[in-house]
Structures are given as C-alpha cells and as structure tokens.
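Visitor: Have a look at this one before I ask anything.
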Amino acid sequence: MWASREKILVFLFFVTTIVIIFGTIMYLVEGPEHGFTSIPTGIYWAVVTLTTVGYGDISPGTPIGQFLASLIMVMGYAIIAVP
C-alpha cells in the first residue's frame, strides 16, 4: 500500500473530482423539484450512484439528468471493474 500511495492518491483525487462535478451538474439540471435541494445533496447522490449502491432516495427526473446518471453508472462500473 505504501509503495502505491501516489497511485491511490491520484485515483482518490479523480473520483472526488468526478463526484463534485457530477453532483453540481445534477443540482443545476434537476433542481429542488426532483430532490436535489443543494450541491452537497447532489454530491451525495453522485457518490451513491458511482459506487453502485443506489439507495433510490434521490433519482433524476429529466432526460438530461437520466443521461448523466447513466454516464456516472457506467463510470462506476469501470472504476470498480478495471482495478
């Protein structure tokens, strides 16, 4: 683990960046009427979706939001499967 710390940090930075970007975009696209009441709520949704947990408490309601959700789901599978 210690020898791979740089790779692990790059990975965590990459995942954190994706989660923040997608969470913010979903907040802007979906808005409070679909449960995205704040950017932290959008980030929470992105973490749950990216990790393929999928609680279902927040879900996108617009076609653009559903497309973005599909992208982050595929990224989640890629991030879990590739390493």
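Visitor: Please determine whether any residue of the stretch 46-57 is among the aromatic types (F, W, Y) and part of a loop (DSSP other than H, G, I, E, B).
Guide: Yes, there is a match, as at least one residue in the stretch 46-57 is among the aromatic types (F, W, Y) and part of a loop (DSSP other than H, G, I, E, B).
Visitor: Determine whether the stretch 48-60 contains at least one residue that is touching an Asp or Glu at 6+ places or on another chain (Cβ under 8 Å) and either among the hydroxyl-bearing types (S, T, Y) or in contact (Cβ under 8 Å) with a residue 24 or more places away in the chain (or both).
Guide: Looking through the stretch 48-60, at least one residue is touching an Asp or Glu at 6+ places or on another chain (Cβ under 8 Å) and either among the hydroxyl-bearing types (S, T, Y) or in contact (Cβ under 8 Å) with a residue 24 or more places away in the chain (or both).
Visitor: Follow-up question, since we're still on this one. Count, please, the residues in the stretch 62-78 that happen to be among the β-branched types (V, I, T), assigned to a helix (DSSP H, G or I) and touching a helix residue (DSSP H, G or I) at 6+ places or on another chain (Cβ under 7 Å).
Guide: 2
Visitor: Would you call V15 modelled with pLDDT under 95, surrounded by fewer than 13 Cβ atoms within 10 Å (Cβ to Cβ) and β-branched (V, I, T)?
Guide: So V15 fails the test.
Visitor: Another question, then. With F36, F22 as the choices, which residue is in contact (Cβ under 8 Å) with a residue 40 or more places away in the chain, touching a helix residue (DSSP H, G or I) at 6+ places or on another chain (Cβ under 7 Å) and open to solvent by less than 90 Å² (accessible area, probe 1.4 Å)?
Guide: Result: F22 is the single residue among F36, F22 that is in contact (Cβ under 8 Å) with a residue 40 or more places away in the chain, touching a helix residue (DSSP H, G or I) at 6+ places or on another chain (Cβ under 7 Å) and open to solvent by less than 90 Å² (accessible area, probe 1.4 Å).
The values are calculated or read from the model by the stated rules, or taken from the named source; none is laboratory data. No experiment lies behind these values; they were computed from the predicted model shown. No Cβ is skipped: glycine too gets one built from the backbone with ideal geometry, and neighbour counts run over all protein chains shown. Heavy atoms of the whole protein, side chains included, go into the accessibility calculation; ligands, DNA and RNA do not. Shrake-Rupley method; radii C 1.70, N 1.55, O 1.52, S 1.80 Å.
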